[in-house]
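Accompanying notes for the structure given below.
The values are calculated or read from the model by the stated rules, or taken from the named source; none is laboratory data. Keep in mind that what you see is a predicted model, and the values were worked out from it rather than measured. Cβ placement follows ideal geometry from the backbone for every residue including glycine, while neighbour counts extend to all protein chains displayed. Heads up: the accessible areas ignore ligands, DNA and RNA and are worked out on the full protein's heavy atoms, side chains in. Shrake-Rupley method; radii C 1.70, N 1.55, O 1.52, S 1.80 Å.
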Amino acid sequence: MSGERNLLSLPSFGRKFPKVSYNDLARATCGFSSSNLIVKGTYSSVYKGELFQGRTMVAVKVFCLETRGAHQKSFIAECNALQKVRHRNLVPIVTACSSIDSNGNDFKALVYEFMAQGDLHELLYSTQCDGNTSTRSHITMAQRLSIAVDVADALEYLHHGNQGTIVHCDLKPSNILLDDNMTAHVGDFGLARF
């Protein structure tokens with residue numbers, strides 16, 4: 001199979017992405033298993049998964065099918081925001097999927113690079129249990145400053161550095177994701193405004 005057949009041209013993004021189906025994403029997340037569920041929100045759920053024969057760790061954001069119409073608006077808003085942005089401190093998108101699930105229902109998902117260190121809220125407020133004691137995760141002042149600078153860079157880019165101003169509208173610690181190097185990436189553009 002040629003490389004061109006494995007690519008999906010999404011008009012809303014204007015660039016090539018690997019083509020994935022509902023079945024690909026279901027396999028990657030073990031059937032959208034609760035053991036792979038990272039977070040469940042009002043309009044979407046995010047699952048950890050492995051795509052492309054386990055070579056790529058991803059976060060699959062599945063838009064809620066129960067909330068009629070709302071997932072469509074959120075999916076379109078996020079696609080519109082993502083078509084205009086590329087920055088080192090924004091969560092990188094891998095691909096998108098607009099398909100039909102195994103029950104014949106509308107299925108929409110965005111696939112992002114997996115951020116191994118989780119989100120900032122979890123890092124700041126979670127506790128780790130060591131036997132009989134419970135301690136908060138420790139994050140150094142230098143790491144905090146670096147995260148603040150990363151977020152500020154992302155916001156400066158969204159507000160002034162691209163073809164139009166984008167206002168995130170939902171910036172909070174749980175929407176700031178951290179990679180292996182503790183570099184912060186702003187995510188979740190479902191409420192973004194132009």
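Multiply the residue gap between C64 and E122 by 0.36 nm, knock off their C-alpha separation, and tell me the result in nm, one decimal place.
Once the chain is fully extended between C64 and E122, it gains 18.6 nm.
Calculate the FRET efficiency for N103 and Q53 from the Cβ-Cβ distance with a Förster distance of 25 Å, rounded to the nearest 0.05.
Approximately 0.40, to the nearest 0.05.
Within segment 90-108, whose backbone N sits under 18 Å from a point 7 Å along Cα→Cβ of V39?
Only 90-94 pass the distance filter.
Which order do K172, K61, K19 take when ranked by solvent-accessible area (1.4 Å probe, heavy atoms of all protein chains), largest first?
So, going from the largest accessible area down, we get K19, K172, K61.
To the nearest 10 square angstrom, what accessible area does H138 show with a 1.4 Å probe?
For H138, the solvent-accessible surface is approximately 150 Å².
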